[in-house]
């Protein structure tokens with residue numbers, strides 16, 4: 001009796017399961033379609049293109065050409081700008097976030113800072129550069145005003161067009177981004193931990209050195225890496241500010257694609273893009289690992 | 001009045017259609033005395049009167065990418081239409097050289113295909129299969145290096161690479177040598193008109209700087225070194241000099257073609273152009289007739305007009321140097337008042353070949369980032 005009944009039950013369970021399966025799949029299908037179309041497909045096209053020469057023949061020369069001095073130079077420039085803007089942005093952003101986190105969680109300051117950060121973290125490209133040029137550009141309002149009062153902010157040339165200028169402008173979206181991504185980590189720090197440190201006779205230094213510091217360090221490092229990737233891949237801001245020259249990698253890629261002097265090398269541009277994808281992938285993997293470690297204590 | 005003009009136009013168009021249709025694909029347009037389509041000169045067409053008659057019978061001319069304010073083209077268009085009663089259709093005024101030859105290919109066989117083109121030399125060299133052989137009556141006035149021996153193309157007007165500047169923004173109010181630009185009064189003022197790794201005009205700017213610093217058309221390195229010194233002095237700005245940046249004052253000194261630079265005069269009063277002695281780098285545009293021109297006689301008559309004294313002086317009035325300038329100066333036919341407005345030059349201009357341009361481009365691409373980065 002029981003033997004005869006078992007297969008029937010199993011069949012019922014199987015049919016019920018197979019009826020539900022396609023639906024579970026459908027829920028994530030848009031995500032996979034999106035990832036496939038906008039992440040994997042372009043990466044594949046770039047990877048394939050980086051292996052071809054001008055006539056479409058298979059070659060590895062694009063990767064050996066990456067060693068040319070002018071490409072190394074723009075790579076170093078990109079790295080310096082990204083590291084500088086990530087470090088300064090992370091420090092300033094973390095301090096602002098700390099100020100906000102210690103305040104009233106439902107207060108006006110917090111609401112203003114978080115919503116403003118949400119806006120400014122996305123404020124880049126043409127609008128941002130225009131804002132800077134209109135304010136402190138060579139003929140900007142503030143610059144001219146200061147000049148009229150005997151203060152020249154560009155005594156040795158317009159540094160706004162140099163690496164330092166680009167770093168400064170990047171900071172405008174790096175700091176708000178840091179506030180946004182670091183605030184949750186700070187919110188995870190419980191006041192009780194500080195109270196516990198103090199009741200055990202610890203000083204503020206002990207608290208930061210042995211409790212809050214080690215807890216926040218992975219989050220801080222992870223967010224800094226995110227900022228690095230953010231600056232490393234930024235294109236529009238630099239392209240609008242420096243309308244010529246391949247100073248940083250994204251501009252160099254765009255330069256290699258178009259040329260009316262017969263100097264275009266789309267294959268090399270794609271190899272360069274692939275190298276950038278590899279770097280950003282490594283950085284984002286490290287970020288994920290650090291985030292995982294952070295979430296062990298802070299949630 | 002309006003109705004009469006309308007009927008006349010319809011009549012002319014219908015007649016042109018009949019003539020073209022009657023001649024079919026064998027002999028091309030024109031009347032019995034002038035087979036314009038295969039005529040290699042005005043004599044082969046039976047003389048000027050026969051060419052004019054044939055062109056009038058066609059009644060129309062299609063030109064492309066020639067805005068009226070570009071090198072004063074408008075004056076020639078109006079004068080030609082008035083003189084011969086031929087209606088000119090000017091298509092895609094702001095098109096590029098490549099778009100002009102694309103139009104020849106894409107509109108082939110239709111009545112709206114361009115009859116003539118005015119293109120950059122490199123585009124002309126790459127598309128000679130599309131052009132007819134024709135030599136204008138003033139052919140001998142055109143220097144040999146500026147024409148194709150069988151008449152596939154010939155240059156029309158152009159100018160030299162110069163340094164345009166706003167005298168009110170620089171020390172002393174004038175530039176007398178390229179070395180001046182390295183002075184402390186030029187902080188963040190000097191720009192190129194493009195990115196030399198991809199823009200032809202900017203590349204020629206670097207090439208001109210090379211000529212002015214002991215380099216040659218085959219050695220652009222001195223120009224790259226010069227811009228490196230400019231950068232080190234804090235005088236170079238890494239933005240593209242355009243009408244907008246000149247007007248805003250962010251690029252008061254720009255390396256650019258003199259015939260384009262002169263147009264900044266309408267935004268910046270007193271705008272001047274300096275062309276260094278011994279570093280004259282020339283660039284001329286190129287005329288060619290569409291081999292399958294829908295109006296072959298009008299196309300040839302138009303070229304005769306452009307290369308007549310009147311046509312050449314019209315370009316001159318637009319700030320461009322017409323190709324017959326030297327010959328007309330000798331014969332006294334040059335518009336002296338217009339010529340006096342051109343930037344002063346001394347020496348013989350050099351014309352870099354396509355190969356020399358490519359070689360310079362390759363060098364600049366490899367060295368530009370480290371020079372000004």
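The values are calculated or read from the model by the stated rules, or taken from the named source; none is laboratory data. Since we're looking at a predicted model, the values are computed, not measured. Methodologically, a virtual Cβ is constructed for each residue, glycine included, from the backbone with ideal geometry; neighbour enumeration extends over all protein chains shown.
Restricting region B:181-195 to residues that are more than 8 Å from chain A (Cβ to nearest Cβ) and part of a loop (DSSP other than H, G, I, E, B), the residue that is farthest from residue B:161 (Cα to Cα) is B:183.
Within region A:137-177, the set of residues being more than 11 Å from every other protein chain (Cβ to nearest Cβ), under 29 Å from residue A:99 (Cα atoms) and surrounded by 14 or more Cβ atoms within 10 Å (Cβ to Cβ) comprises A:167, A:168, A:169, A:170, A:171, A:172, A:173, A:174, A:175, A:176, A:177. When each of B:234, B:214 is tested for being surrounded by fewer than 23 Cβ atoms within 10 Å (Cβ to Cβ), on the phi > 0 side of the Ramachandran plot, in a loop (DSSP other than H, G, I, E, B) and away from chain A (no Cβ under 14 Å), the lone residue that passes is B:214.
Listed conditions (1) more than 14 Å from chain B (Cβ to nearest Cβ); (2) crowded, with 16+ Cβ neighbours inside 10 Å are all met by residue A:296, apart from (2).
Please verify whether residue A:286 is modelled with pLDDT of 90 or more, within 13 Å of chain B (Cβ to nearest Cβ) and touching a helix residue (DSSP H, G or I) at 6+ places or on another chain (Cβ under 8 Å), treating the condition exactly as stated. Judged against the criteria, residue A:286 is not a match.
Taking region B:163-182 as the range and being at negative phi, exposed (fewer than 15 other Cβ atoms within 10 Å of the Cβ) and out of contact with any helix residue (DSSP H, G or I) (no Cβ under 7 Å at 6 or more places or on another chain) as the test, the residues that pass are B:168, B:176, B:177, B:179. Assess whether residue B:327 counts as being over 23 Å from residue B:115 (Cα atoms) and assigned to a strand (DSSP E or B). It is false that residue B:327 is over 23 Å from residue B:115 (Cα atoms) and assigned to a strand (DSSP E or B). Does at least one position in region B:83-92 carry a residue that is modelled with pLDDT of 95 or more, touching a strand residue (DSSP E or B) at 6+ places or on another chain (Cβ under 8 Å) and assigned to a loop (DSSP other than H, G, I, E, B)? Within region B:83-92, one or more residues are modelled with pLDDT of 95 or more, touching a strand residue (DSSP E or B) at 6+ places or on another chain (Cβ under 8 Å) and assigned to a loop (DSSP other than H, G, I, E, B).
Let's see how each residue does on (1) modelled with pLDDT under 50; (2) crowded, with 22+ Cβ neighbours inside 10 Å:
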residue	(1), (2)
B:11	yes, no
B:19	yes, no
B:24	yes, no
B:30	yes, yes
B:35	no, no
B:41	no, no
B:45	no, yes
B:69	no, no
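So is residue A:239 within 14 Å of chain B (Cβ to nearest Cβ), surrounded by 14 or more Cβ atoms within 10 Å (Cβ to Cβ), over 19 Å from the mean Cα position of the chain (by Cα) and part of a helix (DSSP H, G or I) or not? Criteria not met by residue A:239.
Quick grid of which residues meet (1) closer than 23 Å to residue B:126 by Cβ; (2) free of Cβ contacts under 8 Å to residues at least 12 places away in the same chain; (3) more than 14 Å from chain A (Cβ to nearest Cβ); (4) not in a strand (DSSP E or B):
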position: B:270; (1), (2), (3), (4): no, no, yes, yes
position: B:276; (1), (2), (3), (4): no, no, yes, yes
position: B:286; (1), (2), (3), (4): yes, no, yes, no
position: B:301; (1), (2), (3), (4): no, no, yes, yes
position: B:355; (1), (2), (3), (4): yes, yes, no, yes
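Of the set (1) more than 10 Å from every other protein chain (Cβ to nearest Cβ); (2) part of a helix (DSSP H, G or I); (3) in contact with a strand residue (DSSP E or B) (Cβ under 8 Å, 6 or more places away or on another chain), all apply to residue B:175 but (2).
The single residue among B:204, B:200 that is within 10 Å of chain A (Cβ to nearest Cβ), surrounded by 24 or more Cβ atoms within 10 Å (Cβ to Cβ) and over 23 Å from residue A:164 (Cβ atoms) turns out to be B:204. With (1) part of a loop (DSSP other than H, G, I, E, B); (2) in contact with a helix residue (DSSP H, G or I) (Cβ under 7 Å, 6 or more places away or on another chain) as the list, and residue A:150 as the residue in question, which single condition is left unmet? For residue A:150, the exception is condition (2). Residues of region B:237-258 that are under 23 Å from residue B:282 (Cβ atoms), facing chain A (nearest Cβ under 10 Å) and either within 20 Å of the chain's Cα centre (by Cα) or buried (at least 24 other Cβ atoms within 10 Å of the Cβ) (or both): B:241, B:242. The single condition from (1) within 17 Å of residue A:177 (Cβ to Cβ); (2) surrounded by fewer than 20 Cβ atoms within 10 Å (Cβ to Cβ) that residue A:97 fails is (2). Of all residues in region A:254-264, those being more than 7 Å from chain B (Cβ to nearest Cβ) and surrounded by fewer than 22 Cβ atoms within 10 Å (Cβ to Cβ) number 3. Apart from one condition, residue B:224 fits all of (1) assigned to a strand (DSSP E or B); (2) within 14 Å of chain A (Cβ to nearest Cβ); (3) modelled with pLDDT of 95 or more; the exception is (1).
Checking each residue in region A:251-287 for being under 15 Å from the mean Cα position of the chain (by Cα) and either without any contact (Cβ under 8 Å) to a residue 60 or more places away in the chain or not in a helix (DSSP H, G or I) (or both) picks out A:276, A:278, A:279, A:280, A:281, A:282, A:283, A:284, A:285.
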